[in-house]
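Worksheet: the structure to be examined is printed underneath.
The values are calculated or read from the model by the stated rules, or taken from the named source; none is laboratory data. Being a predicted model, the structure only gives us computed values, none of them experimental. A quick note on method: Cβ atoms are made from the backbone with ideal geometry, for glycine too, and the neighbour counts reach across all protein chains shown. Quick note on the areas: whole protein, heavy atoms, side chains included, nothing else; ligands and nucleic acids left out. Shrake-Rupley method; radii C 1.70, N 1.55, O 1.52, S 1.80 Å.
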Amino acid sequence: MEAASAYDRSRDDEKKENGPYSAAEQDNHSKPTDLSELLKEGTKESHEKAENTKFVKDFLKGRIRRELFKLATAALYFTYSAMEEELDRNKEDPAIAPLYFPQELHRKEALIKDLCYFFGDDWEDTVRCSDATKAYVERIRHLGQHRPELLVAHAYTRYMGDLSGGQVLKKVAQRALHLPSNGDGVQFYVFDNVTNAQQFKQLYRARLNTLDVDAETKEGIVEEANRAFQFNMKVFEELDKIGATLPEEEQDGTLPVHDGKGDISKCPYYAAKQGLESASGCPLHAAMALARLPQVQAMLAACATALAAAIAWYLM
């Protein structure tokens, strides 16, 4: 009894110091276990590196050249073709089935329309898979054959980004490249079968959290998501090198369009360190309203940079 009392007193003292949990229990209690949260927390650093690449920052400032946009669209085509073919082939896998939304999410057909717009009906004779894109495609093919559960990482990072920051990119591209308002050239960003993007993302994250996978597999999925960012940054670097060889094009020079709708902090790639969790709507909404005044023209470059830092964006 005396030993038991001593143990109880020790536990009482520990609770006073650490609360209802011990130090070890607190550490375990604070760690997220939901896969969607693990992905969000585990890819923050990779996302920040990706969004700070030259290609991404230039795009968000409206400094995207038509030729580079065409090449980026081609890279997306090869990437999504591989990913969606492997998802189709593994749609019965327990890790894939709950996240299999071909009607709502698949982008291959939309990308074919964009390639037809930019390259013509004979685009297949013109478009080639670049070296950096080929490496990404080979990784996706390997997973489809040997580790289909890790395809979850690629599907999550791609589709959730497309439904979030991708909608901003659509407006930036239309403005900077003077594309028609009917959606020609940017069908990739149009999800006709998703009526409410925010609700769909919530559904997708909920499905992620119900996957019957162990802790080791969850860790592997997060690791693979970081690897996906690395592949994408290689594509960005490749596009930058190509861009350095292209002649200069006349740029619009206006602030990229963001209509202030939606909560950018809900994007799975949102950089928490920006401290915008309490912001409502677009952080540049007021600045956009003043953009037509001559005295604020000098501020546009700074505003564009702020937008690039704030928008949770992921292109490739």
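The single condition among (1) open to solvent by 30 Å² or more (accessible area, probe 1.4 Å); (2) modelled with pLDDT of 95 or more that residue 220 does not meet is (1). In the stretch 267-277, the condition of being closer than 30 Å to residue 178 by Cβ, open to solvent by 50 Å² or more (accessible area, probe 1.4 Å) and at pLDDT below 95 is met by no residue.
Residues are listed down the side, and each one gets a yes or a no for (1) modelled with pLDDT under 95; (2) open to solvent by less than 40 Å² (accessible area, probe 1.4 Å); (3) more than 19 Å from residue 78 (Cα to Cα):
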residue	(1), (2), (3)
139	no, no, no
146	no, no, yes
158	yes, yes, no
163	yes, yes, yes
168	yes, yes, yes
173	no, yes, yes
176	no, yes, yes
179	no, yes, yes
185	no, yes, no
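Number of residues in the stretch 199-212 that are open to solvent by less than 60 Å² (accessible area, probe 1.4 Å) and farther than 13 Å from residue 39 by Cβ equals 2. All of 96, 140, 112 fail the test of being without any contact (Cβ under 8 Å) to a residue 40 or more places away in the chain and within 22 Å of the chain's Cα centre (by Cα), apart from 112. Being over 16 Å from residue 242 (Cβ atoms) and open to solvent by less than 40 Å² (accessible area, probe 1.4 Å), is that true of even one residue in the stretch 53-61? Checked the stretch 53-61: at least one residue is over 16 Å from residue 242 (Cβ atoms) and open to solvent by less than 40 Å² (accessible area, probe 1.4 Å).
Name the helices (runs of 4 or more DSSP H) wholly within the stretch 56-170 that hold at least 3 residues that are under 23 Å from residue 201 (Cα atoms)? Where helices (runs of 4 or more DSSP H) fall fully within the stretch 56-170 and carry at least 3 residues being under 23 Å from residue 201 (Cα atoms), they are 66-89, 102-105, 108-119, 151-163.
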